[in-house]
Amino acid sequence: MSDTVTLTDNTTGRSVELPIQRGSEGPGAIDISTLYRETGLFTYDPGFVATASCHSAITYIDGEAGILRYRGYPIEQLAEHCTFMEVAHLLICGELPGVEKLAEFQSTIHKHMMVNESLTKFFQGFRYDSHPMAMMAGVVASLSAFYHDTLDIENLEHRAEAAQRMIAKVATIAAASYKRNIGEPFMYPQNNLHYCDNLLHMMFATPCGPYESDPVAVRALNILFILHADHEQNASTSTVRLAASSGANPYACIAAGVTSLWGPAHGGANEAVLKQLDEIGCRENIPKFIARAKDKDDPFRLMGFGHRVYKNYDPRATIIRQVAHEVLENYQGKDRRMFDLALELEEIALKDEYFVERKLYPNVDFYSGMIYHALGIPRNMLTVMFAVARTAGWVSHWMEMMCDPVKRIGRPRQVYDGAVKRDFVPMDQR
Ligand code: SDX
């Protein structure tokens with residue numbers, strides 16, 4: 001029996017047999033590439049809830065079971081045993097690096113962490129209080145200007161170098177965005193510091209004296225970056241793929257991913273969670289906000305809750321909540337109160353029929369902001385940190401796509417609802 005489905009247009013009685021494409025795990029997909037030619041019909045799937053845009057071997061998610069794996073490795077094991085650089089190598093190259101390969105990869109990343117000195121001048125064009133994501137989007141896109149003509153995207157070595165350059169430079173650009181905001185001089189990356197330690201150094205060191213990162217902060221940042229590194233065909237990764245499908249410069253494609261990530265429904269949710277917890281203020285106000293979240297006439301949503309794919313606990317939220325406990329256990333003040341309020345909000349929401357029925361659980365963004373806050377990272381930098389981590393995933397998908405033999409420009413169609421044909425009306429008859 002062939003692996004196909006048969007669709008019948010009940011209006012015309014015509015049937016069409018379509019092949020099913022199967023992967024190594026998870027749902028198969030109906031190959032509809034011949035559907036329009038055979039039936040004159042498109043498919044319609046707003047938000048791409050049930051649409052596979054590509055084949056990919058990078059990340060596997062089972063939303064019902066709350067499973068997340070990078071290249072087959074469970075996220076829980078990677079978060080417990082790896083550094084972010086090991087995971088970045090895994091995502092790009094497909095394998096966890098041995099000692100030598102990791103040293104070589106890290107050395108290449110270190111080599112690319114400095115940015116062209118003229119790039120640092122771009123930040124002077126931004127008001128000091130510009131949102132760091134606005135600076136990230138602008139400056140990451142401007143990387144194209146420095147490497148556009150030294151990049152042949154058909155050349156595998158050029159592609160690998162561009163991928164490593166982007167992972168390296170987004171950290172430096174992120175730190176520079178922060179320094180611009182606080183009016184401090186930019187700090188150069190240090191070749192003797194590993195990636196996350198280097199980022200914290202570029203953010204918090206000053207030319208006035210020595211700076212050593214807190215090992216607890218470095219470990220927490222590695223875990224946060226591993227958890228945020230990739231997530232299948234999410235909105236920002238799909239944006240990168242769509243931009244790349246036209247053959248655009250990879251730096252411009254990653255900048256497109258940065259802008260897509262910024263939205264509060266996506267990577268901007270971590271910043272929105274902290275803002276919302278501030279608005280809630282205390283446990284007594286929680287029922288009022290839960291009621292608003294349930295009110296169909298109120299656009300208000302509980303930020304950090306719900307997910308397109310996870311209809312179970314986001315496995316990343318489970319890990320982050322544990323890390324938050326560990327990082328915050330020495331804190332008493334505002335951070336502890338905010339974390340305790342978040343735990344109470346989660347407890348109340350998960351007992352409410354509305355959330356239970358819709359399988360709305362805390363997602364990766366619900367607790368991450370509290371950890372970043374405890375590490376001294378301000379809330380307008382939270383999505384920037386997400387973008388730094390996700391760049392590893394974005395460049396992995398870009399590399400995978402560039403090797404895909406079925407490489408076509410992404411060009412969705414539509415169901416047209418506009419005016420049917422009508423003739424021009426002269427001005428004196430309008
Ligand atoms: C990320 O895709 C990824 O993988 C993203 C990400 C990644 O790593 O790349 O995981 C990162 O973006 C996590 C999500 C961060 N966003 C938020 O926390 C914002 C709050 N969440 C919602 O906006 C929403 O849950 C989304 C955007 C995350 C998912 O939206 P969907 O899949 O389109 O869900 P939906 O709007 O169809 O909701 C289904 C129902 C609706 O109610 P009904 O119409 O069925 O009555 O659930 C309700 C929604 O109103 N609902 C919520 C809710 N989320 C969904 N109601 C209140 N509060 C919420 N947060």
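Here, each number is a calculation from the coordinates, and none is a lab measurement. Predicted, not measured: the structure shown is a model, and the values here were computed from it. Note that each Cβ is placed from the backbone with ideal geometry, even for glycine, and that neighbours are counted across all protein chains shown.
Return the residues of segment 365-382 that are part of a helix (DSSP H, G or I) and closer than 22 Å to Met85 by Cβ; say none if nothing qualifies.
Selection gives Ser368, Ile371, Tyr372, Met381, Leu382.
When only residues in segment 295-310 that are within 7 Å of the ligand (Cβ to nearest atom) and farther than 14 Å from Lys359 by Cβ count, which is surrounded by the fewest Cβ atoms within 10 Å (Cβ to Cβ)?
It comes out as Lys296.
Any residue at all in segment 335-355 that's away from the ligand (no atom under 11 Å from the Cβ), touching a His at 6+ places or on another chain (Cβ under 9 Å), of a type outside the set (A, V, I, L, M, F, W, C) and more than 25 Å from Ala88 (Cα to Cα)?
Within segment 335-355, one or more residues are away from the ligand (no atom under 11 Å from the Cβ), touching a His at 6+ places or on another chain (Cβ under 9 Å), of a type outside the set (A, V, I, L, M, F, W, C) and more than 25 Å from Ala88 (Cα to Cα).
Identify, by number, the condition in (1) within 16 Å of the ligand (Cβ to nearest atom); (2) surrounded by fewer than 18 Cβ atoms within 10 Å (Cβ to Cβ); (3) assigned to a helix (DSSP H, G or I) that Leu91 doesn't meet.
That leaves (2) as the condition not met.
Which condition from (1) closer than 22 Å to Lys179 by Cβ; (2) in contact (Cβ under 8 Å) with a residue 12 or more places away in the chain is the one that Pro210 breaks?
(2)
Wholly within segment 158-262, which helices (runs of 4 or more DSSP H) include no fewer than the required count, namely at least 2 residues that are among the small types (Gly, Ala, Ser)?
Qualifying helices (runs of 4 or more DSSP H): 215-228, 235-244, 250-261.
Are any residues in segment 275-289 within 12 Å of the ligand (Cβ to nearest atom) and touching a helix residue (DSSP H, G or I) at 6+ places or on another chain (Cβ under 6 Å), and if so, which ones?
Passing the criteria: only Phe289.
Taking the criterion of being in contact with a Ser or Thr (Cβ under 8 Å, 6 or more places away or on another chain) and of a type in the set (Asp, Glu), would at least one residue in segment 48-68 satisfy it?
Checking segment 48-68: not a single residue is in contact with a Ser or Thr (Cβ under 8 Å, 6 or more places away or on another chain) and of a type in the set (Asp, Glu).
Identify all residues within segment 52-88 that are in a helix (DSSP H, G or I) and surrounded by fewer than 17 Cβ atoms within 10 Å (Cβ to Cβ); write none if there are none.
Passing the criteria: Glu76, Gln77, Glu80, His81.
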